[in-house]
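Data block below; observations after.
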Amino acid sequence: MPNFRLIVIKTILWELLRLMRRNITPFSFDVCVDLYENHLKNSGLSEATVSMYLRIVNMFKKRLKSPSNLLHPQKSDFVSLMAEILDNNRCWSTINLHLSALRSFYTYLYTAKITKVKPCIPCGKRGLPRKLPTWLTEMEMMRIIETPNTTTFKGIRDKAILSIMYDTGMRASYLLGLKTTDLCLSENFIVFYDTARRVTRHAVIGDKTIAIVNEYMNLRNYFKKTNTNALWVSEKGRPLKAVKSIWDIVNYYGKVAIGKNVCAAIVRHTTAVHLLNSGADIRHVCEVLGHKSIKTTLRYEDVNLSHLKNEYKKFPL
């Protein structure tokens with residue numbers, strides 16, 4: 001008796017091989033996007049980056065008229081995308097971002113052998129001037145940290161979050177993912193996993209930050225009976241899960257304290273600039289921020305130079 005299961009499997013494999021030879025993928029576009037999403041998450045990218053890349057890919061899907069062009073787009077499709085972005089009065093950096101996301105998507109499909117042909121994607125515009133990071137003065141940062149009402153649980157928690165963020169320059173996603181077991185307050189540091197570099201890192205914190213974190217932990221353990229080991233919990237004892245909750249805390253106190261829209265990235269930039277102003281070595285700042293390349297950190301030296309020029313204009317010789 002012939003093995004019918006084996007015959008069916010061989011038939012399916014031969015059909016897949018025939019489709020691949022004809023440059024026809026057996027996967028739908030939505031399945032390819034799901035596979036690409038898993039690939040991005042396993043690459044150690046942040047949630048914001050993964051969400052942005054997927055949003056760009058899905059936007060590209062909507063603007064293509066023919067479904068058959070989704071997995072095998074032509075160069076003209078990308079050129080028309082660039083023209084559309086420029087018509088909407090967007091800058092070239094937005095175009096470069098879209099092309100980079102699409103290039104990553106189609107390169108993955110080609111590398112994973114889902115598609116047989118790698119599309120020709122334009123390079124965009126190179127050599128664009130890099131925008132200097134936005135940062136706060138020491139007085140502004142101190143006003144933000146001192147704004148939370150420390151007579152309430154929420155105020156103490158928010159002050160601890162702001163203090164750790166300023167001391168360490170930690171990304172919001174890493175800060176949100178901290179566990180109670182990551183605190184080594186007696187040794188003045190916090191342990192956390194850097195998903196971008198795929199290493200465990202140690203972030204040093206100051207005595208003032210340790211004091212407010214200890215106060216928060218005492219309240220958390222005494223009043224908020226919670227079974228979770230997540231470091232940050234709500235007033236009801238539930239763990240904070242969305243990165244947006246950290247962004248909202250930073251933005252709220254930024255508006256209240258100094259009347260500015262402040263995000264977690266600005267606090268991170270502020271940490272880097274203040275370290276350099278205090279005489280820290282650029283390699284030390286690179287390690288604190290967790291940059292893979294020191295070239296990324298060198299832009300903060302441009303911030304210092306720009307600041308010195310502005311100060312010189314105020315008080316010329």
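Roughly to the nearest percent, how much of the accessible area of the range 99-235 is carbon and sulfur, given a 1.4 Å probe? Before the final figure, lay out each step's value.
Values: 3790 of 7220 Å².
Result for the range 99-235: 53 percent of the exposed heavy-atom area is carbon or sulfur.
Stokes-Einstein diffusion coefficient for the range 158-253 at 25 °C in a medium of 0.890 mPa s, Rh from the Kirkwood formula over Cα pairs: what value in µm²/s?
180
Could you check the simple spin-label distance between Tyr110 and Leu35, using points 7 Å along Cα→Cβ, in nm with one decimal?
Those two pseudo-labels are separated by 1.6 nm.
Once R0 is set to 30 Å, what does the formula 1/(1 + (r/R0)^6) return for the Cβ-Cβ distance between Ser93 and Lys244, expressed as a FRET efficiency to the nearest 0.05?
According to the calculation, E is roughly 0.80.
Give the calculated FRET efficiency between Leu64 and Lys260 to the nearest 0.05, with a Förster radius of 35 Å applied to their Cβ-Cβ distance.
The calculated FRET efficiency here is 0.30.
Around Arg268, what is the net charge, scoring Lys/Arg as +1 and Asp/Glu as -1 over all other residues with Cβ under 12 Å from its Cβ?
0
Quick one: 3J(HN,Hα) in Hz for the range 135-152, Karplus 6.51/-1.76/1.60 with θ = phi - 60°, rounded, Gly and Pro as x.
In residue order, the calculated couplings are 9, 10, 6, 4, 5, 5, 5, 5, 5, 5, 5, 7, 6, x, 7, 7, 8, 10 Hz.
Under the 0.36 nm per residue contour assumption, what length would be gained going from the current alpha-carbon distance of Phe153 and Arg197 to full extension?
Computed gain between Phe153 and Arg197 is 12.4 nm.
What does the charge add up to near Val57, with Lys and Arg as +1, Asp and Glu as -1, over the other residues with Cβ less than 12 Å from its Cβ?
Residues close to Val57 contribute a combined charge of +2.
Using 0.36 nm per residue, how much length does the chain from Glu287 to Gln74 gain when fully extended, once their Cα-Cα distance is taken away?
72.4 nm
What pairs in Lys118/Lys241; Lys113/Lys241; Lys154/Lys292; Lys41/Lys116; Lys41/Lys255; Lys113/Lys179 have C-alpha atoms more than 31 Å from each other?
Too far apart for the 31 Å limit: Lys118/Lys241; Lys113/Lys241; Lys154/Lys292; Lys41/Lys255; Lys113/Lys179.
Sequence-distant or interchain residues sharing an amide H contact under 5 Å with Leu240, placed H: which?
Long-range HN contacts for Leu240: Trp232, Val233, Ser234.
The values are calculated or read from the model by the stated rules, or taken from the named source; none is laboratory data. Note that the structure is a prediction, hence the values are computed from the model and not measured. Note that we place each Cβ from the backbone using ideal geometry, even for glycine, and neighbour counts take in every protein chain shown. Areas reflect the complete protein model, heavy atoms only, side chains present, ligands, DNA and RNA absent. Shrake-Rupley method; radii C 1.70, N 1.55, O 1.52, S 1.80 Å.
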